[in-house]
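I have placed the structure first, in the form of C-alpha cells, so that the comments after it can refer back to it.
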Amino acid sequence: MSKNKFKAELLFGHKDHAGEVPFEPSVAWNLEPRPLWRGRRGFPVRATIDGVSFERAVVPRQKKFYLLIDAETARTSGVSEGARVEVDVEPYAE
C-alpha cells in the first residue's frame with residue numbers, strides 16, 4: 001500500500017481533533033472499513049503531521065473522511081486549530 005500525502009486544515013472537536021482526508025480510503029487502498037471501537041468503523045493508519053508520527057484512524061463523518069488526531073499529537077507537533085498541516089498517511093494492520 002502506498003502513502004498518501006496531502007495538506008489538511010486542523011479541526012478541533014469535542015471528541016478528537018481531525019483533518020479532512022481528500023480521498024476515499026476504500027478506493028485508494030482497496031480496503032474495507034473495519035470495526036475500530038463500539039459503534040465506529042474506519043481505517044487504522046500510521047500518519048505523520050508536520051514531522052510527528054502517530055497511529056490513529058481515518059473515519060467517515062458527514063459523507064467525508066477524517067484523520068483523527070489525538071490531543072497529545074497535536075500538542076507535540078505544535079499545531080493549533082485552523083492550522084494547515086502536511087500529512088502523510090498509510091493504512092496498517094493491527
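The values are calculated or read from the model by the stated rules, or taken from the named source; none is laboratory data. Quick caveat: nothing in here was measured; it's all calculated off a predicted structure. Don't worry about glycine lacking a Cβ; one is built from the backbone with ideal geometry, like all the others, and counts go over all protein chains shown. Note: accessible area is taken over every heavy atom of the protein model, side chains too, but ligands, DNA and RNA are not part of it. Shrake-Rupley method; radii C 1.70, N 1.55, O 1.52, S 1.80 Å.
Check ARG46, ARG41 and return the single one that is assigned to a strand (DSSP E or B) and over 24 Å from ALA83 (Cβ atoms).
Result of the check over ARG46, ARG41: ARG41.
Condition first: under 12 Å from the mean Cα position of the chain (by Cα) and within 28 Å of ARG38 (Cβ to Cβ). Now tell me which residues in the stretch 75-94 satisfy that.
Result: VAL87, VAL89, GLU90, PRO91.
Restricting to the stretch 3-42, and then to whatever is acidic (Asp, Glu) and open to solvent by less than 80 Å² (accessible area, probe 1.4 Å), can you tell me which residue is modelled with the highest pLDDT?
Out of the qualifying residues, it is GLU20.
If you take the residues in the stretch 43-88 that are free of Cβ contacts under 8 Å to residues at least 24 places away in the same chain and of a type in the set (Gly, Ala, Ser), which one is least open to solvent (accessible area, probe 1.4 Å)?
ALA57
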